[in-house]
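One structure is given here, and the rest of the page talks about it.
The values are calculated or read from the model by the stated rules, or taken from the named source; none is laboratory data. What you are looking at is a predicted structure, and each value in this text was computed from that prediction instead of being measured. With ideal geometry, Cβ positions are generated from the backbone for all residues, glycine too; neighbour counts draw on all protein chains shown. Quick note on the areas: whole protein, heavy atoms, side chains included, nothing else; ligands and nucleic acids left out. Shrake-Rupley method; radii C 1.70, N 1.55, O 1.52, S 1.80 Å.
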Amino acid sequence: MTAAPAPDPDLPDLPDLDALPRAEFAFPGPLRDRLVAAILDGSKTSTTGLVADYEHDGDPLPRPGHREVVVDSSGRPVAVIEVTQVRVVPLADVDLAHAVDEGEGHTSVAEWRADHERFWHGEEMRAALGDPGFTVDDTTPAVLERFRVVAVLPGTGG
């Protein structure tokens, strides 16, 4: 019988990764790959969801202190993040600091919004919501989440 490996002193005390919920940014593919890379390099510290998506999935809104395992396009765990702040605001009230902190290179809220509307109005999102005509407008409730990376998991190159 071999002994269990010693804990990695560089990793914080984490619960069993299998017990943590998964954080899936966008859908698997190039966008998720870019978002995960931005999380790992520290340029992405915020994200935006829609209340409609949480409600459709029957998931509670995130809350400060909530931890999740970030997965890449292959479903492989790459990091653990912890929510530090959550605000629910009408889409029209998203501010520039939040948009910039999403780490996607946006320099204006209009640019951020156009990219996000393309995603939210895309076939994959509409299918995920079960609504082929889903659209957002200025009054759509958005979940603005800030987070910090608690750990970059071994084997991610981070």
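Which of rounded, prolate or oblate describes segment 21-132 when judged by the alpha-carbon gyration tensor and an a/c cut-off of 1.5? Note, shape of segment 21-132 comes out rounded. The modelled label-to-label distance for the pair residue 131/residue 63, using points 7 Å beyond Cα in the direction of Cβ, is 2.6 nm. The apolar share of the surface of segment 68-110, taken as the fraction of accessible area on carbon and sulfur atoms (1.4 Å probe, ligands and nucleic acids excluded), comes to 53 percent. Counting heavy atoms of the protein chains alone, residue 134 has an accessible area of about 30 Å² for a 1.4 Å probe.
What FRET efficiency would be calculated for the residue pair residue 74, residue 108, taking the C-beta separation as r and a Förster radius of 35 Å, to the nearest 0.05? FRET efficiency, residue 74 to residue 108: 0.60.
Taken per residue, the accessible surface of segment 103-155 reaches 52 Å², heavy atoms only and a 1.4 Å probe. Could you state the angle between the C-alpha long axis of helix 30-40 and the longest principal axis of the C-alpha atoms of the chain, as a value from 0 to 90 degrees rounded to the nearest 10? Around 60 degrees separate the two axes.
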